[in-house]
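Student: Handing you this structure, nothing more for now.
The values are calculated or read from the model by the stated rules, or taken from the named source; none is laboratory data. A quick note: this is a predicted structure, and the numbers were derived from the prediction, not measured. Counting neighbours? That spans all protein chains shown, and the Cβs are built from the backbone with ideal geometry, glycine included.
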Amino acid sequence: MQLEPVVVEGRSLPVELIKKDSRTMRGKVAEGSIIIEVPSAWREEYAMKCALNIRNRMERALRKNPYAFDHGKLPRFEDMQRISAMDEEFTIRIERAEARNARARLRGGSIEIKVPESEPEEKAEEEISRLVIRALSSKLYEKFEKEVNEINGRFFNARFKSIRLRISVARWGSFSSKGNLNFSSLLLFMPKEIRESVIVHELAHTRVRDHSKKFWSIVYSIMPDYKERRRWMNRYQSFPLNKRPTEYKPLSSAS
């Protein structure tokens, strides 16, 4: 099974079809490709028709929001860039230096990054992203932990082993079988309302593991506007930080 690549503004994304043992079909942008997961039990003719429909819908969405090409990638940072994380302001300072390894240091409101002069540009960009995010995760962990504990104490009183921040572009959060609450460090760049929606989602999994009606009834009883918050996240998650709104405003009320 093969479909034409999606080409928008001179950029091309190949379309890859993957058979899965599932009941539904879904598409996503990942690592420079459009991946469409196809239920293995479906007849090929029907599966291709549905896959083409998803491909075309994703093409229309990419034309509306070309930033979605970079979905699944870590944000990039530039020298002297100002960023906001959990209502705190930071300045990124990047220096190419004679050194064996890249390193980061937090000094007041500055995140100072040193990268070896010999390191290729693409590798350096990736390393800078990870260093900045790790530095912010360390700096803001207790503040984030407090948000999780406040929501837990107010609505759930759940028991769990730990709260972890991880560099992840694949998932915003998860509740592991070992009882750990895991969250993507990228949430630190999101407005509080968006962080809260992910926190409520994962805490709800401490009561119901799957995404059954019972699970969603818990989520919506606590956060009736959950779907609207997630719409905002889906809309802006792939935007560069300097292009993304710093405050949450429901899309339904946006002008």
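Student: Within the stretch 14-44, which residues are more than 20 Å from Tyr67 (Cβ to Cβ) and among the polar types (S, T, N, Q)?
Tutor: Ser22, Thr24, Ser40 - these are the residues of the stretch 14-44 that are more than 20 Å from Tyr67 (Cβ to Cβ) and among the polar types (S, T, N, Q).
Student: State which residue pairs qualify: first residue on the phi > 0 side of the Ramachandran plot and inside the stretch 177-191, second residue surrounded by fewer than 22 Cβ atoms within 10 Å (Cβ to Cβ) and not in a helix (DSSP H, G or I) in any location, beta carbons under 6 Å apart, and separation of 6 or more residues or different chains.
Tutor: Gly179/Phe160; Gly179/Lys161
Student: On to the next question. Please list, ordered by first then second residue, the pairs with beta carbon atoms under 9 Å, 6 or more apart or interchain, first in the stretch 84-100 and without any contact (Cβ under 8 Å) to a residue 60 or more places away in the chain, second among the aromatic types (Phe, Trp, Tyr) and surrounded by 14 or more Cβ atoms within 10 Å (Cβ to Cβ).
Tutor: Ile92/Phe77; Ile94/Phe77
Student: Count, please, the residues in the stretch 187-224 that happen to be of a type in the set (S, T, N, Q) and part of a helix (DSSP H, G or I).
Tutor: As a first pass, look at the stretch 187-224 and keep what is of a type in the set (S, T, N, Q): 197, 206, 212, 217, 221.
Now restrict to residues that are part of a helix (DSSP H, G or I): 197, 217, 221.
Result for the stretch 187-224: 3.
Student: Okay, next question. Take the residues of the stretch 104-155 that are without any contact (Cβ under 8 Å) to a residue 40 or more places away in the chain and of a type in the set (Val, Ile, Thr): which is surrounded by the fewest Cβ atoms within 10 Å (Cβ to Cβ)?
Tutor: Across the stretch 104-155, the extreme among qualifying residues is Val115.
Student: Inspect all residues belonging to the stretch 81-88 and state whether any of them is of a type outside the set (A, V, I, L, M, F, W, C), out of contact with any Ser or Thr (no Cβ under 6 Å at 6 or more places or on another chain), exposed (fewer than 13 other Cβ atoms within 10 Å of the Cβ) and closer than 19 Å to Thr246 by Cβ.
Tutor: Looking for residues that are of a type outside the set (A, V, I, L, M, F, W, C), out of contact with any Ser or Thr (no Cβ under 6 Å at 6 or more places or on another chain), exposed (fewer than 13 other Cβ atoms within 10 Å of the Cβ) and closer than 19 Å to Thr246 by Cβ, one finds at least one in the stretch 81-88, hence yes.
Student: Check Ala51, Ala47, Ala41 and return the single one that is part of a loop (DSSP other than H, G, I, E, B) and farther than 23 Å from Arg231 by Cβ.
Tutor: Within the list Ala51, Ala47, Ala41, the selection yields Ala41.
Student: How many residues, within the stretch 164-175, are part of a strand (DSSP E or B) and within 14 Å of Leu188 (Cα to Cα)? Walk me through it before giving the result.
Tutor: Here is the first cut: in the stretch 164-175, the ones part of a strand (DSSP E or B) are 164-166, 173-175.
If we keep only those that are within 14 Å of Leu188 (Cα to Cα) too, we end up with 164-166, 173.
So the answer is 4.
Student: Let me ask something else. Which condition number does Asn56 fail, the rest of (1) within 24 Å of the chain's Cα centre (by Cα); (2) modelled with pLDDT of 90 or more; (3) surrounded by 14 or more Cβ atoms within 10 Å (Cβ to Cβ); (4) part of a helix (DSSP H, G or I) being met?
Tutor: Tallying (1) within 24 Å of the chain's Cα centre (by Cα); (2) modelled with pLDDT of 90 or more; (3) surrounded by 14 or more Cβ atoms within 10 Å (Cβ to Cβ); (4) part of a helix (DSSP H, G or I), Asn56 fails exactly one: (3).
Student: Among (1) without any contact (Cβ under 8 Å) to a residue 60 or more places away in the chain; (2) of a type outside the set (Phe, Trp, Tyr); (3) over 30 Å from Arg82 (Cα atoms), which single condition is Ile222 missing?
Tutor: (1)
Student: Here's something else I'd like to know. From Glu37, Glu31, grab the single residue that is surrounded by 15 or more Cβ atoms within 10 Å (Cβ to Cβ) and either in contact (Cβ under 8 Å) with a residue 60 or more places away in the chain or not assigned by TED's automatic domain parsing to the domain that holds Ile167 (or both).
Tutor: Numbers: Glu31 fails: surrounded by 15 or more Cβ atoms within 10 Å (Cβ to Cβ).
Going through Glu37, Glu31 in turn, the sole match is Glu37.
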